[in-house]
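In what follows, a single structure is set out as structure tokens and then discussed.
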Amino acid sequence: MQENNYTVYRGDTFSTQLVFTDTDDVPIDITGWTIFFTIKKNRTDTDAQAIISKTITSIPNPTLGIYTLVVTAAELNSLLGVYYYDFQIKLLDGKIYTLTSGTFTLEIDVTRRIST
């Protein structure tokens, strides 16, 4: 498992791309997989206490082995501080793996208006 830490400004849209390839860099078909993305205030919080919880079962072009997660500005608008996240996948055979985890820090932004 790999650890990645993200820093995002409150109220910004966040996106990151997951790329699944084999050892020869050939895309892995992720048809039928489920991707879980969870942000919690504390690692020990239950899933029901998650700040953001996404379960992705519909993946555009799964044969390319790529999924782009988007967390909207509205979802991040009221958050500040350090949180914890992870990505997990559930394969067709039911096996679950954690891909990456780390901190998800939301910094205070300067501009709060979203229209001119």
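Restricting attention to segment 82-96 and to residues that are in contact (Cβ under 8 Å) with a residue 40 or more places away in the chain and of a type outside the set (A, V, I, L, M, F, W, C), the residue that is farthest from Thr55 (Cα to Cα) turns out to be Tyr83. Screening segment 56-100 for residues that are assigned to a helix (DSSP H, G or I) and of a type in the set (A, V, I, L, M) and picking the one that is nearest to Tyr6 (Cα to Cα) gives Leu76.
In this structure, is Lys90 over 25 Å from Arg10 (Cα atoms), surrounded by 15 or more Cβ atoms within 10 Å (Cβ to Cβ) and among the charged types (D, E, K, R)?
Judged against the criteria, Lys90 is a match.
To keep it simple, each residue is scored yes or no on (1) among the polar types (S, T, N, Q); (2) surrounded by fewer than 12 Cβ atoms within 10 Å (Cβ to Cβ); (3) modelled with pLDDT of 95 or more.
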position: Asn4; (1), (2), (3): yes, no, no
position: Thr13; (1), (2), (3): yes, no, yes
position: Ile52; (1), (2), (3): no, no, yes
position: Leu69; (1), (2), (3): no, no, yes
position: Asn77; (1), (2), (3): yes, no, no
position: Asp86; (1), (2), (3): no, no, yes
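Scanning segment 17-45 for residues that are within 22 Å of Leu80 (Cβ to Cβ), loosely packed, with under 15 Cβ neighbours inside 10 Å and of a type in the set (S, T, N, Q), we see that the one that is nearest to the chain's Cα centre (by Cα) is Asn42.
Filtering segment 20-68 to residues that are among the β-branched types (Val, Ile, Thr), farther than 13 Å from Leu91 by Cα and in contact (Cβ under 8 Å) with a residue 40 or more places away in the chain leaves Thr21, Thr38, Ile39, Ile66, Thr68.
Only a single item in (1) farther than 20 Å from Val8 by Cβ; (2) loosely packed, with under 11 Cβ neighbours inside 10 Å is not met by Val110, and it is number (1).
The values are calculated or read from the model by the stated rules, or taken from the named source; none is laboratory data. Keep in mind that this is a model prediction, so the values were computed, not measured. We place every Cβ from the backbone using ideal geometry, glycine too, and count neighbours over all the protein chains shown.
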